[in-house]
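Report on the following structure.
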Amino acid sequence: MTALRKDIVSSVLGIVVLTLLVGILYPLVVTGVSQVAFPGNANGQKVYVNGRLVGSRIIGQPFATPVIGKNGKPVEKGGEVVTEPVRRYFQTRPSATEGGPYNAAATAFSNRGPNSKITEEADAENLKSYLELEKPYDTTLTAAEVPVDAVNTSGSNLDPQISRTNAHIQAHRVAAVRKLPLATVDGLVDRYTSGRGLDFVGEPAVNVLRLNLALDRLSEGTA
């Protein structure tokens, strides 16, 4: 009994000590260091405009508005509100998170293979929607020219960036709707294009939120 009691006491003490060290002290130290050394990254790289939170540089968001039905209420389909793109803004890549696109509380990857019928149907619908949105402003655009990120979702479904090719295609629409020279919008796309990670990882990409905010500043004459 004495040996058993000793083992129990040792186990309890071990749990308490490890909980204090690993569960409380270590997180507090890491959080404190990150808040001092990297406050922006530690807090999710939040973006504010005139003191108002408008998003995050590392989490994508839809630039869309609800479709309003004849009853004056948002249209719903499958329990989700139906939306349509705001044409004056660049659009993020497709997102299929539960509860609506770019739901950060439901980030997940489908794990469906490239031969999945569901994936094939979703890609076809995304391609159709992309062409319907962009082709009126670039009549030479063909399905073969549409970049893959305009059709596929990202692994997290929360990617905040699009490819440079995707952005330059959308620039035709944005320039026409905002009544800006195409060269001006293309210039903004180039300005907000980041290079490859460590100069060899991934591809150059455009942060959609930062680009759209720059467009708003330009339209307001504050760029």
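A few points about this structure:
- Here the scattering of segment 75-121 is modelled by Debye summation over its C-alpha atoms, one equal scatterer each and no solvent; at q = 0.24, 0.33 Å⁻¹ the log10 of I(q)/I(0) is -1.09, -1.16.
- Equivalent-ellipsoid semi-axes for segment 1-139 (Cα gyration tensor, √(5λ), whole Å, largest first): 48, 23, 16.
- Normalised by 2.2 N^0.38 Å, where N is the number of residues, the C-alpha radius of gyration of segment 126-223 stands at 1.10.
- A simple count of charges around Pro62, restricted to other residues whose Cβ falls under 11 Å of its Cβ and scoring Lys, Arg +1 and Asp, Glu -1, yields 0.
- Whole-number Å³ per residue for the convex hull built on Cα positions in segment 46-107: 123 Å³
- Span-like helix criteria (full DSSP H runs; alpha carbon extent of at least 15 Å along the helix axis; mean Kyte-Doolittle hydropathy of at least -1.0) are satisfied in the chain by 2-18, 26-37, 117-134, 164-178, 208-220.
- Summary of packing: across the peptides 183-190, 93-100, 165-172, 22-29, the per-residue average of other C-beta atoms within 10 Å ranks them, highest first, as 165-172, 93-100, 183-190, 22-29.
- Value at 222 nm in deg cm²/dmol, rounded to 500, when DSSP H runs of n ≥ 4 in the chain each add -39,500 (n - 2.57): -12500 deg cm²/dmol
- Mean separation of Cα contacts under 8 Å, 6 or more apart, over the residue count of the chain: relative contact order %: 17 percent
- Using the Cβ-Cβ distance between Ala105 and Glu203 with R0 = 22 Å, the FRET efficiency computed as 1/(1 + (r/R0)^6) comes to roughly 0.20.
- Treating r as the C-beta distance of Lys128 and Ile58 and R0 as 30 Å, the FRET efficiency rounds to 0.55.
- Extension reserve of the Lys6-Lys73 stretch, reckoned as 0.36 nm per residue once the Cα distance is removed: 17.4 nm
- Antiparallel %, DSSP beta bridges [both residues in the chain], to 5: 100 percent
- The packing ranking, built from the mean of other Cβ atoms within 10 Å per residue, places the peptides 152-159, 5-12, 79-86, 131-138 in the order 152-159, 131-138, 79-86, 5-12, highest first.
- If R0 is taken as 41 Å, the Cβ-Cβ distance between Ala144 and Leu18 corresponds to a FRET efficiency of 0.10.
- Rolling a 1.4 Å probe over the heavy atoms of the protein chains gives segment 78-178 an accessible area of 54 Å² per residue.
- Among Leu211, Leu13, Leu127, residue whose mean-square fluctuation peaks in a GNM of the chain (springs only between Cα atoms under 10 Å): Leu13
- Rounded percent of accessible protein surface that carbon and sulfur make up, segment 62-202, 1.4 Å probe: 54 percent
The values are calculated or read from the model by the stated rules, or taken from the named source; none is laboratory data. Keep in mind that what you see is a predicted model, and the values were worked out from it rather than measured. We place every Cβ from the backbone using ideal geometry, glycine too, and count neighbours over all the protein chains shown. For accessibility, only protein heavy atoms count, side chains too; no ligands or nucleic acids. Shrake-Rupley method; radii C 1.70, N 1.55, O 1.52, S 1.80 Å.
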